[in-house]
């Protein structure tokens with residue numbers, strides 16, 4: 001049976017010379033990827049209200065996804081220029097689009113809690129007879145909120161939760177130490193009518209009773 005002889009790599013005339021440890025020839029050089037996404041760059045000034053389809057096509061994400069990313073970052077309270085630079089450096093977003101996104105975020109951040117006179121904000125204060133840490137751990141369970149739960153928008157350990165619901169409302173929960181345990185300050189936004197306000201009030205009171213029963217049994 002014949003075997004094909006393995007071809008040996010040709011040696012150079014200097015291959016038998018000693019190599020100094022750490023010499024560049026012995027090290028693997030990694031080439032960092034460079035460049036940006038291929039983006040259409042408009043000639044007009046940055047626009048915070050750029051069309052959703054154009055934003056997705058040129059940045060790879062929706063407006064909601066970008067707003068969420070910025071809000072969860074270290075620049076969420078920063079000024080427009082700092083946010084724009086953060087987008088360019090961390091996500092390779094082209095300058096015009098980064099400026100537009102940062103303006104859009106500032107517009108969203110500074111907007112009032114409600115968008116119209118028909119909408120209202122529900123504010124409640126609940127007290128759970130246990131520690132702040134344990135209360136927070138209970139409230140980060142998605143199953144606690146039932147079928148209407150959509151997702152967590154923000155989590156700050158043992159301090160704050162922001163929750164999105166399927167009915168397009170949003171609730172912020174702030175956890176504070178209380179003489180009887182843990183106080184939860186709830187601000188439920190974008191409630192459209194009195195019927196919805198009543199339903200959400202009952203929802204939080206029922207959830208409060210459920211958690212109290214859980215920690216006291």
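The values are calculated or read from the model by the stated rules, or taken from the named source; none is laboratory data. Computed from a predicted structure; not experimentally measured. Cβ coordinates were reconstructed from backbone atoms using ideal geometry, including for glycine residues, and neighbour counts include every protein chain displayed.
Given the residues 215, 174, 127, 121, which is the only one that is modelled with pLDDT under 90 and either touching a strand residue (DSSP E or B) at 6+ places or on another chain (Cβ under 8 Å) or surrounded by 17 or more Cβ atoms within 10 Å (Cβ to Cβ) (or both)?
Just a single option satisfies the conditions, and that option is 121.
Taking segment 173-217, which residues are farther than 20 Å from residue 129 by Cα and in a strand (DSSP E or B)?
187, 188, 189, 190, 191, listed by residue number.
Going through segment 124-150 one residue at a time, which ones are within 16 Å of the chain's Cα centre (by Cα) and closer than 17 Å to residue 200 by Cα?
Scanning segment 124-150 gives a single hit, 150.
So, restricting to helices (runs of 4 or more DSSP H) that lie completely within segment 50-165, which ones have at least 1 residues that are more than 29 Å from residue 178 (Cα to Cα)?
Once the helices (runs of 4 or more DSSP H) in segment 50-165 are filtered for at least 1 residues that are more than 29 Å from residue 178 (Cα to Cα), what remains is 52-59, 63-71, 80-91, 95-110.
On the given criteria, is residue 157 outside the structural domain of residue 70 (by TED's automatic domain parsing) and over 21 Å from residue 71 (Cβ atoms)?
For residue 157, the condition - outside the structural domain of residue 70 (by TED's automatic domain parsing) and over 21 Å from residue 71 (Cβ atoms) - is not met.
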